Amino acid sequence: MSTTFTLDTSTSRANPTPAPMKRLTVPAIQQRKSGRRTADPLVMLTAYTARQAQLLDPHCDMLLVGDSLGQVIYGLPSTLGVTLDMMIAHGAAVVRGSYHSLVIVDMPFGSYEASPAAAFASASRVLAETGAAAVKLEGGQAMAETIAFLSQRGIPVMAHVGLTPQAVNALGGYGARGRSDAEHAKILADAHAIAQAGAFAVVLEGVMEDLAVAVTDSIDIPVIGIGASAHCDGQVLVSEDMLGMFDRVPRFVKRYEAIADTIAGAAARYAADVRARAFPTEDQVYRPKK
């Protein structure tokens, strides 16, 4: 099932008027899974700004304001330095720029692990101050109590198991998970625990393909893969990786464009025009009307 949306043609960059469209809801996302997996895979990409959201929104079911913004926007070495205030600021921008996709905001490291009550304090701020529909947090069985606590209090939660970037120091790197029987069993148990706790969906990252198939077929909530399997109920990528903004990308990323080359080329042409006094021209300067 595919839906075509009319792109906005407003000349306002700051606050364009959207074409009418109904935003997807958490129950609508949940209902896309029928039986072992979805017939119509869910599409999710990351977004961090209003303009990026405007461009991605007509093509996605969900927009994730990922803590990956720490690396792709702020140049941090990992996601660990991302703050709740950063996530809220970018989450609000993405909500303002989108009109169709369900917007989900990552809970940053340190904002939810201490206790279910601490997680509720952080998550309620996120939803109240951004207008987003849901939060995402990392962890399996260890976070099941927190997921249940939030879900029972009206905060929809997307879980995240497998390779969990916020735990990179404990994991010892970003390698694929589920290679051993013990790790396979643990991640499968994590997925079952978060589904039973009330998560409405789960991101499954960086796992062996057979494990991705097993998880997708054994839980009744949508499984969104990243570095997992096409068998999953949907897929997510960091938009900047998908667009080719960086020289180095993970193995599981498919580049659909080479935006970095386009930007660098445009900047080079602009610089050449300025140095040659070829910009601005008659078309870009103001003079009294005759």
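Okay, here's what the table says:
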| read-out | value |
| --- | --- |
| Accessible surface, per residue, of the stretch 113-232 when the full set of protein chains is kept, probe 1.4 Å, Å² | 38 Å² |
| Accessible area of the chain belonging to carbon and sulfur atoms, whole % at 1.4 Å probe | 55 percent |
| The stretch 26-258: radius of gyration over Cα atoms, expressed as a fraction of 2.2 N^0.38 Å | 0.92 |
| Listed peptides 38-44, 203-209, 250-256 by packing density, highest first (mean Cβ within 10 Å) | 203-209, 38-44, 250-256 |
| The chain, dipole about Cα centre (Lys/Arg Cβ +1, Asp/Glu Cβ -1), debye to the nearest 20 | 1020 debye |
| Arg277 paired with Gln31, simple spin-label distance in nm, labels 7 Å along Cα-to-beta-carbon | 6.7 nm |
| Evaluated over the stretch 155-290, the Cα radius of gyration and Dmax, each in Å | 23.1, 81 |
| Proximal charge balance of Met87 [Cβ under 11 Å; K/R count +1, D/E count -1] | -2 |
| Per-peptide average of other Cβ atoms within 10 Å, ordering 30-36, 149-155, 269-275, 121-127 highest first | 121-127, 149-155, 30-36, 269-275 |
| The stretch 239-290: translational diffusion in µm²/s, Stokes-Einstein, Kirkwood Rh over Cα pairs, 10 °C, 1.306 mPa s | 116 µm²/s |
| Under 28 Å between alpha carbons - lysine pairs in the chain that sit 8 or more apart or on different chains | 7 |
| Charged-residue dipole, Cβ positions (Lys, Arg, Asp, Glu), the stretch 63-213 about Cα centre, Debye nearest 20 | 300 debye |
| Antiparallel %, DSSP beta bridges [both residues in the chain], to 5 | 10 percent |
| In degrees, nearest ten, helix 84-97 long axis to first principal axis of the chain (Cα) | 60 degrees |
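The values are calculated or read from the model by the stated rules, or taken from the named source; none is laboratory data. Remember, predicted model here, so these are calculated numbers, not experimental data. Every residue, glycine as well, gets a Cβ built from its backbone with ideal geometry; the counts of neighbours run over all protein chains shown. SASA here: full protein model, heavy atoms, side chains in, ligands and nucleic acids out. Shrake-Rupley method; radii C 1.70, N 1.55, O 1.52, S 1.80 Å.
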